[in-house]
Amino acid sequence: MQIYLPIAEVSVNAFLLLGLGGMVGVLSGMFGVGGGFLMTPLLFFIGIPPAVAVATEANQIVASSFSGVLAHFRRRTVDFKMGTVLLLGGLTGAALGVVIFNYLKSLGQVDLLVTLCYVVFLGIIGSLMFIESINALRKTKKGTTPVKRRQRGWVHAMPFKMRFRTSGLYISVIPPIIVGVIVGVLSAIMGVGGGFIMVPAMIYLLGMPTKVVVGTSLFQIIFVTAFTTMLHATTNYTVDVVLAVLLLVGGVIGAQVGTVIGARMPAEQLRVLLAALVLLVCGKLALDLLLQPAELYSIGEAGGH
């Protein structure tokens, strides 16, 4: 069933969009990521313009993340205090990211920027996560206790410390704010929730327990992506409501399913699966950059490409 997307100006199968939304929702509930790192490239592949895909996907992430947070809230695995600190940095980063996005859009370089950002960030984060997760699985099979991540380091030596009781931490608020800023910028430029950056940072940098990381990450993602969507809608006019609604419906249902699946799987296996997905998407985008496109020329607006 083909449906016309007024802002994207293309016709797409409605059931395909519902299925993509559901798949990303499952990832959101399982891993604590918004799923934009996978959905945004998929929207590129089915013909959605990058500017519309980035802005609209940020909107879809809000619903799937909210659905996931509700499930984690019932399990009391959300650190609202840590989430609020991350949020302060995230809102600042989102505003900065939209400014950068608008400037590059005026130069006609948005497509290249978004793709390069995906390849670089997904490649680095995916590789690090995969190596660490494999090592953790090997230690578990051998019966040895994995090395505790919560070790004293430069994070604990910084000033402006705050106690986060749900996470069992007493650390400086500076690292969480910096992580939030980076995630906010990525949310605005790449149309992602930033969970693929935030989740590893919360586990390995801040030393948070894995069971608390997922819900806290989703809590922060809700507000940052909502803010990003509002900025894109009011400055770029690139949020396609029809596309967003179809992705939202699938995302909300999928998030509940993903939360149930995630609760039944060991944390080490979850991290291996997430790392594999990140590397798979990275490889596909890198391949598209290297291969010659089917159409060498495209028609754009005056002053665009």
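The values are calculated or read from the model by the stated rules, or taken from the named source; none is laboratory data. None of these values were measured; they are calculated from a predicted model. Because the Cβ atoms are built from the backbone with ideal geometry, glycine has one as well, and the counts that use them run over all protein chains shown. These area figures cover heavy atoms from the full protein model, side chains too; ligands, DNA and RNA do not enter into them. Shrake-Rupley method; radii C 1.70, N 1.55, O 1.52, S 1.80 Å.
Against the conditions (1) under 22 Å from V213 (Cα atoms); (2) open to solvent by 10 Å² or more (accessible area, probe 1.4 Å); (3) in contact (Cβ under 8 Å) with a residue 60 or more places away in the chain; (4) assigned to a helix (DSSP H, G or I), where does I124 fall short? Just the number, please.
All conditions pass for I124, except number (3).
Restricting to the range 224-252, name every residue that is of a type in the set (F, W, Y) and buried (at least 19 other Cβ atoms within 10 Å of the Cβ). Before the answer, list the steps.
Step one: filter the range 224-252 for residues of a type in the set (F, W, Y), giving 227, 237.
The answer is F227, and nothing else.
Here is a yes/no grid of residues against (1) part of a helix (DSSP H, G or I); (2) touching a residue at least 60 places away in the same chain (Cβ under 8 Å):
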residue	(1), (2)
I61	yes, yes
S65	yes, yes
L70	yes, no
T77	no, yes
M82	yes, yes
L86	yes, yes
A95	yes, yes
F101	yes, yes
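How do the pairs read when you match residues in the range 235-264 that are under 18 Å from S65 (Cβ atoms) with residues anywhere that are open to solvent by 70 Å² or more (accessible area, probe 1.4 Å) and aliphatic (A, V, I, L, M), using Cβ under 8 Å and keeping only pairs 6 or more apart or on different chains?
Once the first residue is under 18 Å from S65 (Cβ atoms) and sits in the range 235-264, its partners that are open to solvent by 70 Å² or more (accessible area, probe 1.4 Å) and aliphatic (A, V, I, L, M) give V239/I7; L243/I7; G250/M23; G254/M23.
Can you name every residue in the range 223-259 that is closer than 30 Å to K211 by Cα and of a type in the set (S, T, N, Q)?
Hits for the range 223-259 are T225, T228, T229, Q256, T259.
Evaluate the following for V52: is it over 24 Å from L206 (Cα atoms) and within 18 Å of the chain's Cα centre (by Cα)?
In short, yes.
Which residue out of L270, L218 is touching a residue at least 24 places away in the same chain (Cβ under 8 Å), closer than 15 Å to H72 by Cα and in a helix (DSSP H, G or I)?
Exactly one of L270, L218 is touching a residue at least 24 places away in the same chain (Cβ under 8 Å), closer than 15 Å to H72 by Cα and in a helix (DSSP H, G or I), namely L218.
If you go through the range 59-107 one residue at a time, how many are open to solvent by less than 10 Å² (accessible area, probe 1.4 Å), aromatic (F, W, Y) and more than 14 Å from T229 (Cα to Cα)?
Final tally of qualifying residues: 0.
Checking F196 against (1) within 30 Å of G21 (Cβ to Cβ); (2) at pLDDT below 75; (3) part of a loop (DSSP other than H, G, I, E, B), which test does it fail?
For F196, the exception is condition (3).
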